[in-house]
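First comes the structure, then the notes that go with it.
The values are calculated or read from the model by the stated rules, or taken from the named source; none is laboratory data. No experiment lies behind these values; they were computed from the predicted model shown. For neighbour counting, all protein chains shown are included, and Cβ atoms are generated from backbone atoms with ideal geometry for every residue, glycine included.
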Amino acid sequence: MKTINKIDYKRIIIVAYRLPFRLIKKKNKHMAVQNSGGLVSAILSLSERMNQDKVVKSKILWVGTGDSNLGEENINPSFDLFPVEIPKKINDKYYSGYCNNVIWPLFHYFPQSTVFDNKYFEAYKEANNLFYKKLQNIIRPGDFIWIHDYHLFLLPDMIRQSYPDTNIGFFLHIPFPSFELFRLFPRQWREAILTGMTGADIIGFHTNDYTQHFLKSIKRTLGYKTDQNHIYSDTRIFKADSFPLGIDFDKFHTACSSGKTRNQRKKLQKHLADNKLIFSVDRLDYSKGFIKRLEAYDHFLEKFPNWHYKVVFNMIVIPSRDNIESYREIKKEIEATVGRINGKYSNLSWRPVIYQYKSVPFNELVALYDHSDVGLITPLRDGMNLVAKEYIASQYESSGMLVLSEMAGAAVELTEAIIINPNDIEETSVAIDKALSMSLEEKRRKISKMQDRLKRYNVFTWATDFFNQVYEVRNEQKKLQVEFLNSDTLESIKTRYQKSQKRLFLIDYDGTLTPIAALPEMALLNKKTESQLKSIASDKRNTVAIISGREQKFIEDQFKKLDVILVAEHGFFIKYPGGNWSINIELDLSWKEKILPVLDHYVDRCNGSMIEEKYASIVWHYRNVDEDTASMRINELKDDLTEIIKSESNLLMLEGDKVLEVKSMLYDKGTAGSSLISKENYDFILAIGDDRTDEDLFKIMPESGISIKVGSEPSKALYNIKDQAQIYEILALFLS
Ligand code: GDG
């Protein structure tokens, strides 16, 4: 089992809409009862284990809505509870309004049920702010704040603004919809939600699909750059990733053999006699697909009359949100449909549907899971669906089979279940028959595979992964910290320059000395920069090297009036003032024959793109391709190239600003820089560059060197400047 080995968080603060307990009054005494729901079960199991393993020294702190007395009483040995009070007037518009009538339907692909009301959004902001205010009294340096779910999208950024150094994780328990749905929200809502979420260091989802949807929305709405799962804002780097929530496998599995569960099973057996049992349990919600499920069951009874009098469907619905009109309606519809089916098939001794609208105690739930022949879990959309996982964990003798909707996040992991489309009544009814008829041997084989997976990736591994990833991304941020040059640092660079005797300048060309242009041939050196460089290079104590990815000819044309060293093609060619070009390294370049036809093919498919063939590398330029086509094609192209690159030694793909370049990995701007640095005993070395290829140069800079990244993305350089135009200000420091 994984451990939370890297953790060095002082305290863990969970923030979720609800506290995990509520108070009920019995005989004038307050009693705490655990709230139901996936998150609560997960965190409670986790905190028990953390306490046993002594992972975190203090109790877990939990901030959420609930009875104000919960904060005072010693409710649970593992938690300190902090109730947030939201006045009823705001809460109605916030919780019932924006959370459950706006976000919930849209994120579950029910746009027609989404209420686009700006008053709801205003209340949402106010309520998030109340959570923030509560946290202000609690947060201490070194805390890890773990924010949960769609009720609190705005909170991560609110915290980040005032406590920039806090470790923040955000986890979404519901699906993140495709961009085509998300864009139905007014732009202001979209921007607020995404900006809010990106205050976190890690943004977690149940599946990779949700993560990809989120990344696309980020690119399209906020325009941030992404690289695989990393996201670069103007000032920070953070990450979105999938963490499929697991369950406490042992808790369910061992409960099957407990005395309490066995008693429940006996009762069930007595009631059911020889009938097979189909079972489902879900919170009341239109996303859970009750009506389609009942229709499929009806169709199954029609299609397979051999099962009449031999099977019973026990459908348990847990009361939820029944103060909302649409929920009351769905309840009525369920009741009518159940009545219709029972009316159609029942006789005095057999009723095909047993419907219950209530919660069930844990041991009764496990007994039902274990004893039933089919688990029928058919949501129209579901972030994960823990019930499906609990069903598998509770198969003690592996005599049941799961019929599971492909629209549940859990379907990605539970691939041995019978996977159905919940809208397809025909397919679902056949699946019920198949599950009921499956041989014990086949069920055992499938269940055991799924159980192995659930045992391994359980709720503890889930949380451990999450914690560790936050830690890792925090470390990456430290390495890539962005510090903008200010007047003080500029002044100190100037002083160091003036005191030094042997100076080396390593300067990139495109995006550094000139702004990026629509066409590469348009990016020419302007007079002002030329004259600044000329003056710097004329000082005998200075050596200036232009280190570019460009071809020899272009770079030579730009600098023909200057006494500078030229490095072309990322370090492949070098030319000293007055000398000729020479090769830095001997290479076999036969691989170009294989890459060129692939790139040609992409130029045909991608209007506006073009190939630049250099001596030692090939570049695909896509600056003039529309954003959507480019982002789709670039991933395909990378896939295709990876295949070829694997078969060649020492080749790599370099992603620059709207370019993809294939070259040998045996040389780069770093190797070129190192060789120049080693030639003399320099006491002042300055490197400036703007794109990813310049990171190779920053990486090899000696500790005393000064490196500057043009642009606000995180970088290995010591300092950043926001804008290419600031280059004048920097070069001006070195003019005599
Ligand atoms: C959201 C997402 C995601 C329910 N009733 C009883 C009871 N439960 C327990 C179940 C299970 C949990 O509640 C329900 O979890 P789900 O995952 O099925 O669904 P949501 O509450 O809608 O949760 C969902 C989840 O967050 C976690 O991220 O999976 O997609 O919608 O653990 O066992 N337990 C007992 N009696 C009940 O009556 N004992």
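Listing for the model above:
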item	result
Verdict on G223 being at positive phi and part of a loop (DSSP other than H, G, I, E, B)	yes
Subset of the range 11-45 (residues that are within 16 Å of the ligand (Cβ to nearest atom) and either modelled with pLDDT under 75 or of a type in the set (S, T, N, Q) (or both))	Q34, N35, S36, G37, G38, L39, S41, A42, S45
When residues of the range 242-261 are limited to those that are within 16 Å of the ligand (Cβ to nearest atom) and of a type in the set (S, T, N, Q), the one farthest from P186 (Cα to Cα)	S258
Residue within the range 232-241 that is buried (at least 17 other Cβ atoms within 10 Å of the Cβ), in a loop (DSSP other than H, G, I, E, B) and either within 16 Å of the ligand (Cβ to nearest atom) or small (G, A, S) (or both) present	yes
Residues of the range 614-642 classified as without any contact (Cβ under 8 Å) to a residue 40 or more places away in the chain and outside any helix (DSSP H, G or I), total	3
Residues of the range 92-117 that turn out to be over 25 Å from M384 (Cα atoms) and free of Cβ contacts under 8 Å to residues at least 60 places away in the same chain, as a count	3
Test: Y369 is within 14 Å of the ligand (Cβ to nearest atom), closer than 18 Å to S41 by Cβ and hydroxyl-bearing (S, T, Y)	yes
Some residue of the range 275-282 being in a helix (DSSP H, G or I), surrounded by 15 or more Cβ atoms within 10 Å (Cβ to Cβ) and more than 16 Å from the ligand (Cβ to nearest atom)	no
Y297, sole failed condition from (1) part of a loop (DSSP other than H, G, I, E, B); (2) surrounded by 15 or more Cβ atoms within 10 Å (Cβ to Cβ)	(1)
Flag for T461 being part of a helix (DSSP H, G or I), hydroxyl-bearing (S, T, Y) and touching a residue at least 60 places away in the same chain (Cβ under 8 Å)	yes
Residues within the range 376-397 that are away from the ligand (no atom under 12 Å from the Cβ) and crowded, with 24+ Cβ neighbours inside 10 Å, tallied	4
Members of the range 565-589 that are in a loop (DSSP other than H, G, I, E, B), under 47 Å from the mean Cα position of the chain (by Cα) and surrounded by fewer than 21 Cβ atoms within 10 Å (Cβ to Cβ)	N584, I585, E586, L587, D588, L589
Residue pairs meeting the criteria (Cβ under 9 Å; at least 6 apart or on separate chains; first within 30 Å of P105 (Cβ to Cβ) and within 16 Å of the ligand (Cβ to nearest atom), in the range 283-311; second small (G, A, S) and not in a loop (DSSP other than H, G, I, E, B))	Y286/S113; Y286/S326; K288/S280; G289/S405; F290/S280; R293/S280
Some residue of the range 600-607 being outside the structural domain of S548 (by TED's automatic domain parsing) and part of a loop (DSSP other than H, G, I, E, B)	yes
Residues of the range 417-434 that turn out to be surrounded by 15 or more Cβ atoms within 10 Å (Cβ to Cβ) and over 18 Å from P379 (Cα atoms), as a count	1
Breaking point among (1) of a type outside the set (D, E); (2) in a strand (DSSP E or B); (3) within 16 Å of the ligand (Cβ to nearest atom), for A410	(2)
Criterion: more than 30 Å from Q726 (Cβ to Cβ) and not assigned by TED's automatic domain parsing to the domain that holds A672 - qualifying residue of A616, A630	A616
Residues that are surrounded by 23 or more Cβ atoms within 10 Å (Cβ to Cβ) and β-branched (V, I, T), drawn from the range 160-180	I168
Any hit, the range 470-484, residues being loosely packed, with under 12 Cβ neighbours inside 10 Å, more than 30 Å from G199 (Cα to Cα) and not assigned by TED's automatic domain parsing to the domain that holds T235	no
Top-ranked residue of the range 312-327 - restricted to ones that are surrounded by fewer than 15 Cβ atoms within 10 Å (Cβ to Cβ) and within 16 Å of the ligand (Cβ to nearest atom), ranked as modelled with the highest pLDDT	P319
All positions within the range 721-734 that are crowded, with 21+ Cβ neighbours inside 10 Å and not in a helix (DSSP H, G or I)	I721, F734
Which numbered condition S217 misses (of (1) at pLDDT 90 or above; (2) more than 16 Å from the ligand (Cβ to nearest atom); (3) among the polar types (S, T, N, Q); (4) not in a helix (DSSP H, G or I))	(4)
Any hit, the range 643-656, residues being of a type in the set (G, A, S), in a strand (DSSP E or B) and at pLDDT below 90	yes
Strands (runs of 3 or more DSSP E) enclosed by the range 79-178 - at least 1 residues per element that are within 16 Å of the ligand (Cβ to nearest atom) and either farther than 17 Å from G383 by Cα or among the polar types (S, T, N, Q) (or both)	144-148, 167-171
Some residue of the range 362-373 being outside any helix (DSSP H, G or I) and of a type outside the set (S, T, N, Q)	yes
Hits in the range 666-692 (condition: hydroxyl-bearing (S, T, Y) and in contact with a strand residue (DSSP E or B) (Cβ under 6 Å, 6 or more places away or on another chain))	Y682
Any hit, the range 600-607, residues being out of contact with any Lys or Arg (no Cβ under 8 Å at 6 or more places or on another chain), at pLDDT below 95 and surrounded by 13 or more Cβ atoms within 10 Å (Cβ to Cβ)	yes
Checklist (1) buried (at least 20 other Cβ atoms within 10 Å of the Cβ); (2) part of a strand (DSSP E or B) applied to I611, failing item	(1)
Selection count where residues are more than 8 Å from the ligand (Cβ to nearest atom) and hydroxyl-bearing (S, T, Y), scope the range 354-366	2
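Residue by residue, here is whether (1) free of Cβ contacts under 8 Å to residues at least 24 places away in the same chain; (2) more than 21 Å from S678 (Cβ to Cβ); (3) in contact with a Pro (Cβ under 8 Å, 6 or more places away or on another chain); (4) not assigned by TED's automatic domain parsing to the domain that holds K679 holds:
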| site | (1), (2), (3), (4) |
| --- | --- |
| D510 | no, yes, yes, no |
| A523 | yes, yes, yes, no |
| Q532 | no, yes, no, no |
| A537 | no, no, no, no |
| N542 | no, no, no, no |
| K561 | no, yes, no, no |
| V564 | no, no, yes, no |
